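Undergrad: Below are the structure tokens for one structure; questions will follow.
Quick note: the coordinates plus some simple rules give every number you see, no bench work behind them. The structure displayed is predicted, hence computed values, not measured ones. Because the Cβ atoms are built from the backbone with ideal geometry, glycine has one as well, and the counts that use them run over all protein chains shown.
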């Protein structure tokens, strides 16, 4: 009995140890990937700020109008949902997908049609299994994302928006607050809102070549591209942070389990030794009598 | 010539930040040259070679789209990608040129075709700039 138990316990310790090795390795990988993604997310900031300022400047031009800023009654919405490509990242995918689904339901109840652009394998799987109109899906693009990759998507969105396929575009992704907090968030990206026009009051209005409208329209894909790129990178950093945290607690749990199992193993071993000793001493007692 | 401040920003990094006396870029309306004291000016740029004066000589770089903004204090170029002539990976550009040409031949959809055409333009631009360096 004792020997069989000891063998079992030994086997369990081994299995937990090998699991721990995996979770530990995943934790390390996630940590380094998170760091790289964070660097990329920071590097994109000046690009985006300059771009947005330039767009604000144009919009402050007195007789400027553009299809990309005009608010019409919203009827058709494109939701861009960014989730991860892989699981094992705690609540990361679930949180953002739940938020997206709730938002989609809310829009539907207001009588709008919702189409979905899913970025990340988990988002693609989630929405295609359910009753949603998924018009575009992109898997496995987040990690090695280049500008050209997001530019292709951005130009496509701009063209379809202009053609009237949808009249508003919302973006839902997870933002990196800190290494331990990541929050799902949403953002209305088209039509372009919140363009504050104070920046230009100091200078004379610049010359727009050929016209403010055309320059603005030319900037739209760049703007979308910058937004998408930074959202995808942000989401990727969050995914890695979530995975790192999940794997850290998994490794901690494994440690705890190993500790308990070792205790069990040592007890069993001690019990066996005690029993053997008792057997030997009682046998020798019997012999001497 | 009087120098002015130039900044070239890409999403990945600040590619150039410093003084220059002259830049020549191609906008959607044609080539423009910018010197010190240019009036405030904003225009979109197309994928093309861009010339920037650095240390007394004009250096060439391959630019992929974006826009140019001249304000009284400085000049800013915002672009998705830009590479100096000697940084260009010719083999990669060659590959992406072939890939784009194949996709254009297949002509699966107009969208796909337009995308391939843009890719081809960027690759040709890079090859053009890389070919000119000495």
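Undergrad: Quick one: Cα centre-to-centre distance for the range A:204-218 and the range A:70-114, in angstrom?
TA: Going from one Cα centre to the other spans 34 Å.
Undergrad: Now a separate question. If you bin every alpha carbon distance in the range B:44-126 into 10 Å steps from zero, what whole percent lands in each bin?
TA: Using 10 Å bins, I get a P(r) of 17, 40, 29, 11, 3 for the range B:44-126.
Undergrad: Also, I was wondering about something else. What FRET efficiency, computed as 1/(1 + (r/R0)^6) with R0 = 25 Å and r the Cβ-Cβ distance, is obtained for residue A:22 and residue A:263, rounded to the nearest 0.05?
TA: The formula returns an efficiency of 0.60 here.
Undergrad: In peptide B:112-120, how many Cβ atoms from other protein chains are near each Cβ within 10 Å, on average?
TA: That works out to 2 on average.
Undergrad: Sort A:64, B:67 so that the residue with the fewest other Cβ atoms within 10 Å of its own Cβ comes first and the one with the most comes last.
TA: Lowest to highest Cβ neighbour count: A:64, B:67.
Undergrad: What is the log10 of I(q)/I(0) for the range B:4-86, computed with the Debye formula using one identical point scatterer on each Cα and no solvent, at q = 0.20, 0.24 Å⁻¹?
TA: The computed values of log10 I(q)/I(0) come out as -0.84, -1.28.
Undergrad: How crowded by other chains is B:3-14, given as the mean number of beta carbons from other chains within 10 Å of each beta carbon?
TA: Mean number of neighbouring Cβ atoms from other chains: 4.
Undergrad: For chain A, what is the mean residue ellipticity at 222 nm derived from helices alone (per DSSP H run of n ≥ 4: -39500 (n - 2.57); sum divided by total residues; nearest 500 deg cm²/dmol)?
TA: Using -39500 (n - 2.57) per qualifying helix, the result is -22000 deg cm²/dmol.
Undergrad: Next question, about the same structure. Would you please put B:59-66, B:70-77 in order of how densely packed they are, using the mean number of other Cβ atoms within 10 angstrom per residue and starting with the highest?
TA: Going from most to least packed, we get B:59-66, B:70-77.
Undergrad: On to the next question. Ranked highest first by the average count of other Cβ atoms within 10 Å around their residues, in what order do A:102-114, A:232-244, A:173-185 fall?
TA: Output ranking for A:102-114, A:232-244, A:173-185: A:232-244, A:173-185, A:102-114.
Undergrad: Could you calculate the contour length gain from residue B:58 to residue B:2, that is, 0.36 nm times the residue separation minus the distance between their Cα atoms, to one decimal place in nm?
TA: Taking 0.36 nm per residue and subtracting the Cα distance, the gain is 18.6 nm.
Undergrad: Helix B:90-106 against the longest principal axis of chain B: what's the angle in degrees, Cα atoms only, rounded to the nearest 10?
TA: 50 degrees
Undergrad: Modelling each spin label as a point 7 Å along the Cα-to-Cβ direction, I'd like the residue A:49/residue A:256 distance in nm, to one decimal.
TA: 4.4 nm
Undergrad: Take every Cα pair under 8 Å in chain B that's 6+ residues apart, average their separations, divide by the length, and report that relative contact order as a whole percent.
TA: Normalised by residue count, the contact order of chain B is 21 percent.
Undergrad: Kirkwood Rh, Cα Rg: Rg to Rh for the range A:21-169?
TA: 1.02
Undergrad: Please arrange A:14, A:24 by counting, for each residue, the other beta carbons lying within 10 Å of its beta carbon, fewest first.
TA: A:14, A:24
Undergrad: Let me ask something else. Determine by what factor the alpha-carbon radius of gyration of the range B:89-132 differs from 2.2 N^0.38 Å, reporting the quotient.
TA: It is 1.15.
Undergrad: Continuing with the same structure: Just the ratio, please: alpha-carbon radius of gyration of the range A:212-278 over 2.2 N^0.38 Å, N its number of residues.
TA: The value comes to 2.64.
Undergrad: Nearest 10 degrees, 0 to 90: what angle lies between the long axis of helix A:92-109 and the longest principal axis of chain A (Cα atoms)?
TA: Long axis of A:92-109 versus the principal axis of chain A: about 40 degrees.
Undergrad: Also, I was wondering about something else. Using a Förster distance of 45 angstrom, determine the FRET efficiency expected from the C-beta separation of residue B:31 and residue A:113, and round it to 0.05.
TA: E between residue B:31 and residue A:113, to the nearest 0.05, is 0.50.
Undergrad: Something else: What's the exposure ranking of B:32, A:215, B:42, going from fewest to most Cβ atoms within 10 Å?
TA: If I rank by nearby Cβ atoms, fewest first, I get B:32, B:42, A:215.
Undergrad: Give me a single rounded figure for A:150-159: the average over its residues of other chain Cβ atoms within 10 Å of their Cβ.
TA: Taking the mean over all residues of the peptide, I get 3.
Undergrad: Using the beta-carbon distance between residue A:185 and residue A:279 and R0 = 45 Å, what value does 1/(1 + (r/R0)^6) give for FRET efficiency, to the nearest 0.05?
TA: The calculated FRET efficiency here is 0.05.
Undergrad: Still on this structure, I have one more. Starting from the Cα of residue A:131, step 7 Å along the direction of its Cβ; do the same at residue B:107; then give the gap between the two resulting points in nm.
TA: About 4.3 nm separates the two model spin labels.
Undergrad: Going by alpha carbons, how many degrees (0 to 90, nearest 10) lie between the helix axis of A:212-288 and the longest principal axis of chain A?
TA: It is inclined by approximately 0 degrees.
Undergrad: Measure off 7 Å from each Cα along the Cα-to-Cβ vector at residue A:73 and residue A:177, then give the distance between these two points in nanometres to one decimal.
TA: 3.8 nm
Undergrad: Quick one: plug the Kirkwood hydrodynamic radius of the protein assembly as shown (C-alpha pairs) into Stokes-Einstein at 20 °C, 1.002 mPa s, and report D in µm²/s.
TA: Reported coefficient: 85 µm²/s.
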